[in-house]
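Working notes, beginning with the structure itself.
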Amino acid sequence: MRKRIAYPALSGIALALILSSSCQNATNSSPDSPSKIDSTDGSKINEDSLLTTIQQHTFQYFWEGAEPTSGLARERIHMDGVYPQNDRNVVTIGGSGFGLMGMIVAMERGFISQEQGVQKLDHIMDYLGKIERFKGAWAHWYDGELGTAKPFSEKDNGGDIVETAFLAQGLIAIREYLKDKGDSAQLVAQKADKLWKEINWNHYTNGQNVIYWHWSPKFNFQQNHPVRGYDECLITYILAASSPTYPIAPQVYHEGWARAGAIKSSAKKYDIPLVLKHNAKEGEVGPLFWEHYSYLGLSPKGLKDQYADYWEATSNHAKINLAYADLNPKGYKGYGSDKGWGWTASYSINGYDAHHPDNDPGVISPTAALSSMPYTPHESIQFAQYLDKQLGNKVWGKYGYYDAYSETANWYPQRYLAIDQGPIIVMIENYRTGKIWELFMQAPEIQQGLKKLGFTSPYLK
């Protein structure tokens, strides 16, 4: 281990670049991918090093910071060690799915060896197969040490099919990545495949043409939360339609998620088309994680169905955030498309909040801009550079950028959330090489499921 040397004049990223200088860039990048380094272009080298450093440090949340008994992602990590709800070892199923995809990035980029990754993944697959499940689905949270489901709320004490979808997205990507990489890797791929195929998506329709978010052996479907678009849940319907064991019928997607066509929208915000009707108040848009969680594996590039061009829908949501940052109607400090921008669900000055342009107390969540990098590469990289040069260690720590900050309020909590850290690693990689998109979209079941629902995509064969 290299000794840590004090570099007091350097910002967080600059220091990290020195300490991780031995880390090599990915060798498997496409020659035409955005990650290609042109030795005559110093700015490209700097950009590449910056993105690698962000990915490498953020990945440590899911590696060093993982709950040791399960190997899964802790719901939250507070660097001050203060956990008011005594939930330090609570693990998150959705966030762990993001971490699985982050593990692929780590193996590809040499942050860990394939052997290390396979060993950890094998442990995780065994744990996921042992803990209590609900018609094949997992709960939102578990006590990592005990392996018991932790209720999210009174009647949400059973299966969470949306969090399960986020995990299943990772399971499929892992299977596709490891299936041709040797005996031990293939064994892990088989375990991931089995877990994904055991999820009973059709059960969660409750016999209707819509998917219900929650089911509990005690409360049945009393939570009564039908999953309808548009928000972060598109991947749930894609996976449910793609399942080779418990598939939903196409009309569940069209009548449930798409609201029999009512999901389409002609509305604009800051003169930018929404394309899809957000699950928000009239004239408002949702938080930016809606354009991240479903699209870690599901590529929106060229993805279309009868309701939308999904690249337009996702990119426009990010551009709306940029327009708001430049408008800055409340005059918050550090806002601008070339400075601080990006609003999503994260820690906030008063607890936790789903930030968006119409619900903004002056708090910026780094995951919002960084995870939007495929949509707004120039502005997302500018944002990282702004944080590095202007805020430094106020916003950067052991596991990358902290969850949220406010220059206006001089508020810089040293706290992390799994569901915000995971998309940073994966979406930066999708910008650089498209690797996770490629793996997920090549899966035979996904190919069939998308066609079944009427989607077109350049990934479909």
Q: Scan region 157-199 for residues that are open to solvent by 10 Å² or more (accessible area, probe 1.4 Å) and touching a strand residue (DSSP E or B) at 6+ places or on another chain (Cβ under 7 Å) and report the count.
A: 1
(Q) I'd like the full set of residues that are open to solvent by 10 Å² or more (accessible area, probe 1.4 Å) and under 14 Å from the mean Cα position of the chain (by Cα), limited to region 400-457. (A) I419, Y431
Q. Looking only at residues in region 78-96 that are touching an Asp or Glu at 6+ places or on another chain (Cβ under 8 Å) and not aliphatic (A, V, I, L, M), which one is farthest from E438 (Cα to Cα)?
A. D87
**Q.** Qualifying residues in region 306-327 (those that are assigned to a loop (DSSP other than H, G, I, E, B) and surrounded by 17 or more Cβ atoms within 10 Å (Cβ to Cβ)) - the one farthest from the chain's Cα centre (by Cα)
**A.** Y307
(Q) Filter region 201-245 down to the residues that are farther than 19 Å from A262 by Cβ and basic (K, R) and list them by number. (A) K218
Q) If you take the residues of region 201-223 that are touching a strand residue (DSSP E or B) at 6+ places or on another chain (Cβ under 6 Å) and free of Cβ contacts under 8 Å to residues at least 40 places away in the same chain, which of them is nearest to S243 (Cα to Cα)? A) N206
Q | Filter result for R88 (out of contact with any Leu (no Cβ under 9 Å at 6 or more places or on another chain) and surrounded by 24 or more Cβ atoms within 10 Å (Cβ to Cβ)) | A | no
Q) What pairs can you find where one residue is in region 163-183 and more than 21 Å from A240 (Cα to Cα) and among the hydroxyl-bearing types (S, T, Y), the other is in a helix (DSSP H, G or I) and at pLDDT 95 or above, and their Cβ atoms are less than 7 Å apart, with a gap of 6+ or different chains? A) Y177/I104; Y177/L439
Q.
Restricting to region 386-408, give me the number of residues that are in a helix (DSSP H, G or I) and out of contact with any Phe, Trp or Tyr (no Cβ under 8 Å at 6 or more places or on another chain).
A. 5
**Q.** Within region 250-294, tally of residues that are in a loop (DSSP other than H, G, I, E, B), open to solvent by 60 Å² or more (accessible area, probe 1.4 Å) and of a type in the set (S, T, N, Q)
**A.** 2
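The values are calculated or read from the model by the stated rules, or taken from the named source; none is laboratory data. Keep in mind that this is a model prediction, so the values were computed, not measured. Every residue, glycine among them, receives a Cβ derived from its backbone with ideal geometry; neighbour counts consider all protein chains shown. Keep in mind that these areas ignore ligands, DNA and RNA; they rest on the heavy atoms of the full protein, side chains included. Shrake-Rupley method; radii C 1.70, N 1.55, O 1.52, S 1.80 Å.
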